[in-house]
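Novice: Quick one: the structure is below, questions incoming.
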Amino acid sequence: MALTLYLIRHGETIYSQTGGYCGELDPELTDAGNQMASEFAAAYQSVPWQAIYVSPMKRTIATAKPLCEAISMEMQLRDGLKEIRYGEWEDKTSEWVKAHFAEDYERWLTEPAWNPPTGGETAVQIASRASAVIAEIEQKYSDGNVLVVSHKATIRIILCSLLGIDLGRYRDRISALAGSISQVRFGKYGPLLEVLGDRSYMSEALRNRPGT
């Protein structure tokens, strides 16, 4: 057997609907987001989980909670799985940022690995803290299924780091819609991406909701 890592982005929030920057902000899930969490639990509770690692934010905890309750497993909270810190851009739209921080915004779009949102985090910094959690999981679990419940940017950066994709391209190469699941198996030749951004477990009404 081999370790299989499931990475799920939290369910819908108001920010995943509006596209506003939400990193350190701590919104609740919307009703649709809570329904995503419930449908995920129903679809995946039969998987023999070894552990569930969760970012300590309301939206990720709420996403993990229905599954944890269904299988009577405690979630393990890790700060390393938090979302990117957007600094001065928190709670703002991209249009506002372009108007007020044009140079920083352009640098971030061009090379986010080393250029942060104003007062925020680079992709390299996020990869460093998130990779420490993945390394912990690899050390503790040589096989079986482990769930990671995290955020849009953080999941994309984790996947880039595991798959050898330039961190500066995480926004261009990896998709992670609200509630989507990606799956990586650690085999003989290293991490293998088996599933990317799957939302087939959701009802059609949830899958068709607009959002980022």
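The values are calculated or read from the model by the stated rules, or taken from the named source; none is laboratory data. The model shown is predicted, which means the values in this text are computed figures rather than measured ones. We place every Cβ from the backbone using ideal geometry, glycine too, and count neighbours over all the protein chains shown.
Novice: Looking only at region 149-193, which residues are farther than 22 Å from Leu67 by Cα, touching a Lys or Arg at 6+ places or on another chain (Cβ under 6 Å) and not aliphatic (A, V, I, L, M)?
Specialist: Tyr170
Novice: Name the one entry in Met73, Met57, Met1 that is of a type in the set (A, V, I, L, M) and buried (at least 19 other Cβ atoms within 10 Å of the Cβ).
Specialist: None of the others qualify; the one that does is Met57.
Novice: Here's something else I'd like to know. Just to be sure before I move on: is Arg59 among the basic types (Lys, Arg), in contact with an Asp or Glu (Cβ under 8 Å, 6 or more places away or on another chain), touching a residue at least 12 places away in the same chain (Cβ under 8 Å) and more than 26 Å from Glu204 (Cα to Cα) in the structure I sent?
Specialist: So Arg59 fails the test.
Novice: Looking only at region 135-159, count every residue that is over 23 Å from Glu90 (Cβ atoms), touching a Ser or Thr at 6+ places or on another chain (Cβ under 8 Å) and buried (at least 16 other Cβ atoms within 10 Å of the Cβ) and tell me the total.
Specialist: 3
Novice: Let me ask something else. So which residues in region 139-158 are polar (S, T, N, Q), outside any helix (DSSP H, G or I) and farther than 29 Å from Glu28 by Cα?
Specialist: Answer for region 139-158, where residues must be polar (S, T, N, Q), outside any helix (DSSP H, G or I) and farther than 29 Å from Glu28 by Cα: just Ser142.
Novice: Filter region 14-32 down to residues that are out of contact with any strand residue (DSSP E or B) (no Cβ under 9 Å at 6 or more places or on another chain), among the hydroxyl-bearing types (Ser, Thr, Tyr) and within 18 Å of Thr154 (Cα to Cα), then give me how many there are.
Specialist: 2
Novice: Moving on. Residues of region 172-198 being in a loop (DSSP other than H, G, I, E, B) and either under 15 Å from His151 (Cα atoms) or among the aromatic types (Phe, Trp, Tyr) (or both), which ones?
Specialist: Ile174, Ser175, Ala176, Leu177, Ala178, Gly179, Ser180, Tyr189
Novice: Kindly list, by first and then second residue, each pair from a residue in region 159-171 that is part of a loop (DSSP other than H, G, I, E, B) to a residue that is among the small types (Gly, Ala, Ser), limited to pairs with Cβ atoms under 8 Å and residues at least 6 apart or on different chains.
Specialist: Asp166/Ala113
Novice: A further question on this structure: Does Ala127 fit the bill of being touching a Cys at 6+ places or on another chain (Cβ under 8 Å) and either aliphatic (A, V, I, L, M) or surrounded by 14 or more Cβ atoms within 10 Å (Cβ to Cβ) (or both)?
Specialist: Answer is yes for this residue.
Novice: Looking at Leu162 and the list (1) touching a Ser or Thr at 6+ places or on another chain (Cβ under 9 Å); (2) crowded, with 22+ Cβ neighbours inside 10 Å, which single condition is not satisfied?
Specialist: (2)
Novice: Could you list all residues from region 3-19 that are at pLDDT below 95 and either in a loop (DSSP other than H, G, I, E, B) or acidic (Asp, Glu) (or both)?
Specialist: Scanning region 3-19 gives a single hit, Gly19.
Novice: Something else about it: Search region 4-54 for residues being of a type in the set (D, E, K, R) and farther than 30 Å from Gly190 by Cβ, and hand back the single one that is surrounded by the most Cβ atoms within 10 Å (Cβ to Cβ).
Specialist: Here the residue is Glu12.
Novice: Which of the following residues is without any contact (Cβ under 8 Å) to a residue 60 or more places away in the chain and buried (at least 19 other Cβ atoms within 10 Å of the Cβ): Trp96, Trp108?
Specialist: None of the others qualify; the one that does is Trp108.
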